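Asker: After the structure tokens below, expect a handful of questions from me.
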Amino acid sequence: MQGHNNKTIDMTQGPLLKPLILFILPIVGGSVFQQLYNTVDFLFVGNFLDKTAAAAVGSSSNLIAITVGLFTGISVGCSVVAANAIGANDEYMARKVLHTSVTFGIIGGIVILVLGFFGVPSILRLLNTPESVLPQAIQYIRIYLFSIPMLVFYNMVSGCLRAEGDSRSPFIVLAVCGLLNVVFDALFIVVMGLGVAGAAIATTVTQSLSALFVGVLASRKDRMVRLNIKELGIDSGTLWRILGIGLPTGIQTIVITLSNVIVQYFINGYGDTAVAAFATYFKVENLNWLSIVAFGQAAVTFVGQNMGAGHYRRILKGTITIVALGIASVVCISGLVLLFPNTVFRWFMKDPDVIEIAVKLAMIAFPFYFIYPVLEVLSGAVRAIGRSVLSMVIVIFNMCVLRIALLAMFSGTFHTVESVVVVYPITWATCAVTFIFIFARLMVALKDHAMHNGHPEYWS
């Protein structure tokens, strides 16, 4: 693979461990800074406002995830198709992927903004959001929605940059904007006293800046996949290739988020304190989850490039390496939370009743979090091999259908908040086992394809 930029990492040749670590670390760091957007909002709201405001921001998270989930999935399709093209040294196709996905994403982001702005009150009531929380939740989401077109733009462009092997540029952008978000939260919430509206304004401004900055970096002349405003437009053939991989991933994201909305419905039935406790728990959990997503993104790029280059055996070795690195990362983060739970949860919430419940939830789920990197990395690898629909079916069945069935059974039997969170590690395990089996079968199929079609070098 030919690269024009010393920030890019060629994953199709040479040693595995060092380039993977160099590629993954900026993604993990970027994920942490990206989490600062909503986490810092919640931190300031939880410490400087009240638990009703905290519940408003927390109960908004799933609805926000639904609004962007489809296009987040499509950005995965963009990454896979671009990585395939880059692995095969097809610069023309890689540029078509970038400009088609960006154009489609911006149009879709504007549609989401308009529909979401007017539909938010009805949706929140449908989700059984407590009346005390509703006004602030509506206000927060409506302001936040103005950042959606720029958020989609950022995801599309950064996905193509990572496909090229450049994970540093998106990290730099997220680091700068994540720190700016802290400053704006302090200004709008603490100094100006704008409440949850201040938190939403801070996030909207900084996410818009992140889109601007990543666009500038992607427009540099030394890039193989260079963003050029004059080339923006939709190529139908390229769009269908992107959607063929990305649409199942986006549907998967939405369905899983909807399952979390159903979980939220059960949580809302336990009252304000439980809503705030789960919101606090999920903010801490996201420190783990976003690092895991980074390993999944690395798998998409690594497998995508090597599929394009025809290096099938390297796919097997690299995927196993990424899984091992993901497990090591999760063990470290989970271990720290389990050792110092009260300290960690007090970063986000001062109410002792809320903290007590949140710690109980963490003690149930976090010992099993090491399972999650297995399913996340392997699902990314399966998508990058070209089996996006299969990946979607596996995830939806385990993380949605099975999870909801277990939730209804456990919650109906035990009637406790702990019975809600226990379904998570069970469904992580069933999903991981399924992906191990499927990935093994796909690798056997790739080996057979190489050997039976006169390309033994693909398995060398």
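The values are calculated or read from the model by the stated rules, or taken from the named source; none is laboratory data. No experiment lies behind these values; they were computed from the predicted model shown. Heads up, the Cβs are rebuilt from the backbone with ideal geometry, glycines too, and the neighbour counts pull from every protein chain shown.
Asker: With touching a Pro at 6+ places or on another chain (Cβ under 8 Å) and not in a loop (DSSP other than H, G, I, E, B) as the only criterion, which of Val214, Val183, Val205, Val190 stands out?
Answerer: Val214
Asker: Now, a different point. Show the residue pairs meeting these rules: Cβ distance below 7 Å; 6+ apart or different chains; first residue within segment 89-118 and under 19 Å from Ser79 (Cα atoms); second residue modelled with pLDDT under 85 and surrounded by fewer than 18 Cβ atoms within 10 Å (Cβ to Cβ).
Answerer: Asn89/Gln2
Asker: Out of the residues in segment 268-290 that are of a type in the set (S, T, N, Q) and at pLDDT 80 or above, which is surrounded by the most Cβ atoms within 10 Å (Cβ to Cβ)?
Answerer: Taking segment 268-290 first, the residues of a type in the set (S, T, N, Q) are 268, 273, 280, 286, 288.
Then keep just the ones that are at pLDDT 80 or above; that gives 280, 288.
On the way: Thr280: 30, Asn288: 21.
Across segment 268-290, the extreme among qualifying residues is Thr280.
Asker: Out of everything in segment 427-439 that is within 21 Å of the chain's Cα centre (by Cα) and free of Cβ contacts under 8 Å to residues at least 40 places away in the same chain, what residue ends up being surrounded by the fewest Cβ atoms within 10 Å (Cβ to Cβ)?
Answerer: For segment 427-439, the residue satisfying everything is Thr430.
Asker: Being in contact with a helix residue (DSSP H, G or I) (Cβ under 8 Å, 6 or more places away or on another chain), small (Gly, Ala, Ser), assigned to a helix (DSSP H, G or I) and surrounded by fewer than 22 Cβ atoms within 10 Å (Cβ to Cβ) is the filter here; which residues of segment 310-338 pass it?
Answerer: Ser329, Ser334, listed by residue number.
Asker: Also, quick follow-up: I'm checking my understanding of the structure. Among residues of segment 367-389 that are more than 19 Å from the chain's Cα centre (by Cα) and of a type in the set (A, V, I, L, M, F, W, C), which one is surrounded by the fewest Cβ atoms within 10 Å (Cβ to Cβ)?
Answerer: That would be Phe368.
Asker: Do we find a residue being touching an Asp or Glu at 6+ places or on another chain (Cβ under 6 Å), touching a residue at least 40 places away in the same chain (Cβ under 8 Å) and not aromatic (Phe, Trp, Tyr) anywhere in segment 344-355?
Answerer: Checked segment 344-355: no residue is touching an Asp or Glu at 6+ places or on another chain (Cβ under 6 Å), touching a residue at least 40 places away in the same chain (Cβ under 8 Å) and not aromatic (Phe, Trp, Tyr).
Here is a yes/no grid of residues against (1) of a type in the set (Val, Ile, Thr); (2) modelled with pLDDT under 90; (3) assigned to a helix (DSSP H, G or I):
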site: Ile355; (1), (2), (3): yes, yes, yes
site: Phe370; (1), (2), (3): no, no, yes
site: Leu375; (1), (2), (3): no, no, yes
site: Leu378; (1), (2), (3): no, no, yes
site: Val395; (1), (2), (3): yes, no, yes
site: Thr416; (1), (2), (3): yes, yes, no
site: Pro425; (1), (2), (3): no, no, yes
site: Val433; (1), (2), (3): yes, no, yes
site: Lys447; (1), (2), (3): no, yes, yes
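Asker: Here is a follow-up. Based on what the data block shows, is Ile141 more than 30 Å from Ala82 (Cβ to Cβ) and crowded, with 17+ Cβ neighbours inside 10 Å?
Answerer: It is true that Ile141 is more than 30 Å from Ala82 (Cβ to Cβ) and crowded, with 17+ Cβ neighbours inside 10 Å.
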